[in-house]
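Since the structure comes first, as structure tokens, the remarks are kept for the end.
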Amino acid sequence: MNRRENLKLLFTGSLASGLFMTGCGPEAPKEIAHAPVIGEGTKWGRTPEEMAHNAALKEDVFFTEGEMEKLNYLVDVIIPKDDVSGSATDAGVPDFIEFIVKDMPHYQTPMRGGLMWLDNQADDRFGKTFMEASTEERIQIIDDIAYPDKAKPAMSRGVKFFNTLRDLTSTGFFTSQEGFKDLDYKGNRPNVWDGIPDEVMAKHGFKLEEKYIPIYMNPDTRATLAQWDDEGNLIG
Amino acid sequence: MSFQINSPGEAYDVIIVGSGAGGGMASKILSEAGFSVAVVEAGGDFDPAKEEDRTQLRFPWESPRRGASTRLRPFGDFDAAIGGWDIEGEPYTKADGTEFDWFRSRMVGGRTNHWGRISLRFGPNDFKRKDIDGMGDNWPIGYDDLKPYYDKVDKLIGVFGSKEGIYNEPDGFFLPPPKPRLHELYIKKGADKMSVPVMPSRLSILTKPINNERGACFFCNQCNRACQAYADFSAGTCLVKPAMKKGKVDLYTYAMVRKVTTDAKGLATGVSYISKVDMKEYKLKSRVVVLGASACESARIMLNSKSSVHPDGLGNGSGMIGRYLHDSTGSDRMGFIPDLVDRQKYNEDGVGGMHVYTPWWLDNSKLDFARGYHIEYWGGMSMPSYGFGFGMDTIRKHIKDEFGNPGTAGGYGAGLKKDIRRYFGSMVGMSGRGECIPRYDNYCEIDNNTVDKFGIPVLKFNYTWSDQEINQAKHMQDTFEEVLTNAGAVLFGEKAGPESKYGLHAPGRIIHEVGTTRMGNDPKTSVLNSNCQSHECKNLFVVDGGSFVSQADKNPTWTILALAWRTSDHIVSELKKKNI
């Protein structure tokens, strides 16, 4: 896709007019000495080193099947499906956690140890593994570690693990497509910012400062070429 | 113009080392004057309008780490700047008990590809601080010398803002500023109660087109990812590439300059560089050499360019190269505004950065530190990426439910999910960026024991903060707490205290390092004259932040651009007069 087609895709409808005075940007740069393309070019701006690193991380496997089974259960306890959006597993959170612990190795031992700690607890309390325990029994353990301000001191290792798992699950979910749907996220697309909607200004009790109103960016004139008088006043 | 590889014997009029703000501006002005120019860049080519280079308008799930930072991209996986504080094969060292973190971007346009676009002119006081507080040194030039160039930079590159008539925050030729965001109005409400000014920010982002080569901003809030429409300033898209299109400019990429070559008289004859592609050394010749490799990299090149005429490094008879290294101070605080919980959703992206800011507003003669700081603001409904949703083990207890009942720390399940949803968009933060006192004792030098992977001796840093900067950071923390509290915010974490130097970042972290080849009228105490020309090598010039005598509490880019233009005009004049 060339630059012009690219921009055509970007600026649709009313946005399309006037952004470029001639509708055509700078030409591609001329050839470059001592700058051959390394590898097969970039993808979303990745350098060849980044592409190789990401591919190697994806290739590697950290969590065992048993650990993955526990993770799948736990992330959905933390972020379940509700009437707004799907669950953490619907959003692919376990795969995200699998990647991030390889990308940030400081997570590896706390996560592996934390998942094992759940089995130790289940064994001590019920004589079985965490996943063999009943739902009520599992929730009993989770309740002991999910509330940092109420947890007993003996549970502090579990609390720390659950805090980390809550962080990774929440961030994994809310940075996914499912999470953006949940947040009703409206940004990351071309638009024209013309200030806070009037009803929101009213609700929060704000008014724009009078003195700036004449100079704020005006959507109606944003496509015309800027010109100034000698005093630096914008006249075009 | 078609491209030709220059044989070693063929000379350019000017070689420019580095393609960032200073090098980019020099390439434009010198090529427009008709001179042949070689721009030598240590990194690769980069053009954000090319689909393969695009990180703009991507969603977090397009990154396997959801936009988290990496060694190569410390500001996140989508950040345009390639390099960072820790580059493979390009080390630097630090003297025991000192700190300095050196951020480099190896690419066309350098660090201008991701910077905050905060474009503040230095004011009249900023050039003459010694006259005011007796500390440091005055610049050999003043605001009036640079004003015409600031004006020209405004018109060439574009900056939005509001005319305020504040003496030390000079107005320029501004484009229209964007209206404030909701959290910015809360901050202003808090700041108003303590008479801290909050006014439209000044960023080099086109809210209107200024020419037919660059588009206008489409408000995605992602200038740090570099803009496909060239609606923000970066040196590659706005200076180097246009210069290549119109003039006799050759761009050498993956070319790591080892030294400036000199003749028997000690004059510069060109540069010697190592190609990162084949690891071989090449030489280029020119009548004039312009260094714009960044304050520390240019100092390194000069220190490594020893000869019988320049035994301590090129133009270093004064021993001042590397001395007076200084970075902005920085300290931050964040919290969230309960009145913003459960807010109405709309596209709040705006431009890439704050729509309002606070310029320095107090009189230092009544304070226990000599120089000021400005405050940058952030928060609101910016796009979630890695890290969003963290901290519910402490934050959630402050998120009240619909009936006003306090929340519970931590937890799980539908209630947690709902609270994070309601919390989105309520976070605010602020960052102080201040002026430090340049000191002879803060410096970089050549480490005689260490080379990089190209065999080039590396820099060793010696840098400590003084009470001046620490007291300033304390004042920042007090101000932040008061503004946030007045805005109705719940503050996160404990207030930074003396054990962390009040949250003062390590030197180098704000990436405003300047001063290593400072200008002055006395060749014994400065490296460059007031035209950024070496006192001791008349055809060598420096156009990056190295020439700064002091850096003000302003971001340095706009001043680098203005100075580089002024220096380039001087080079044109001297070349035409055959003085160099």
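The values are calculated or read from the model by the stated rules, or taken from the named source; none is laboratory data. Given the structure is predicted, the values throughout are model-derived calculations rather than measurements. When we count neighbours, we look across all protein chains shown, and the Cβ atoms used for this are built from the backbone with ideal geometry, even at glycine. Areas reflect the complete protein model, heavy atoms only, side chains present, ligands, DNA and RNA absent. Shrake-Rupley method; radii C 1.70, N 1.55, O 1.52, S 1.80 Å.
Worth pointing out:
- Residue satisfying condition, being at pLDDT 95 or above, among the small types (Gly, Ala, Ser) and open to solvent by 10 Å² or more (accessible area, probe 1.4 Å), within set B:Gly76, B:Gly97, B:Gly24: B:Gly97
- Of the listed requirements (1) more than 17 Å from B:Arg117 (Cβ to Cβ); (2) of a type in the set (A, V, I, L, M, F, W, C); (3) within 8 Å of chain A (Cβ to nearest Cβ), B:Ile166 misses just one: (3).
- Candidates in segment A:50-70 are the residues that are within 11 Å of chain B (Cβ to nearest Cβ) and free of Cβ contacts under 8 Å to residues at least 24 places away in the same chain; of these, the one that is surrounded by the fewest Cβ atoms within 10 Å (Cβ to Cβ) is A:Ala55.
- All positions within segment B:181-197 that are open to solvent by 10 Å² or more (accessible area, probe 1.4 Å) and in a loop (DSSP other than H, G, I, E, B): B:Arg181, B:Lys193, B:Met194, B:Ser195, B:Pro197
- Residues that are at positive phi and touching a strand residue (DSSP E or B) at 6+ places or on another chain (Cβ under 9 Å), drawn from segment B:369-411: B:Gly379, B:Gly380
- Residue in segment B:254-268 that is in a loop (DSSP other than H, G, I, E, B) and in contact with a Phe, Trp or Tyr (Cβ under 8 Å, 6 or more places away or on another chain) present: no
- Members of segment B:53-73 found to be open to solvent by 10 Å² or more (accessible area, probe 1.4 Å) and outside any loop (DSSP other than H, G, I, E, B), listed by number: B:Asp53, B:Trp61, B:Glu62
- Taking the conditions (1) hydroxyl-bearing (Ser, Thr, Tyr); (2) in a loop (DSSP other than H, G, I, E, B); (3) at pLDDT below 50 in turn, A:Ser87 satisfies each one other than (3).
- Taken over segment B:27-52, the criterion of being among the charged types (D, E, K, R) and either under 30 Å from B:Glu574 (Cβ atoms) or crowded, with 24+ Cβ neighbours inside 10 Å (or both) is satisfied by B:Lys28, B:Glu32, B:Glu41.
- Odd one out for B:Ser105 among (1) within 14 Å of chain A (Cβ to nearest Cβ); (2) polar (S, T, N, Q); (3) under 25 Å from B:Tyr357 (Cα atoms): (3)
- Top-ranked residue of segment B:360-381 - restricted to ones that are in a loop (DSSP other than H, G, I, E, B) and surrounded by fewer than 21 Cβ atoms within 10 Å (Cβ to Cβ), ranked as farthest from the other protein chains (Cβ to nearest Cβ): B:Asp368
- For segment B:121-167, a residue qualifies if it is farther than 30 Å from B:Asp441 by Cβ and outside any helix (DSSP H, G or I), and the qualifying residues are B:Gly158, B:Val159, B:Phe160, B:Gly161, B:Ser162, B:Lys163, B:Glu164, B:Gly165, B:Ile166, B:Tyr167.
- So B:Asp312, is it modelled with pLDDT of 95 or more and part of a loop (DSSP other than H, G, I, E, B): yes
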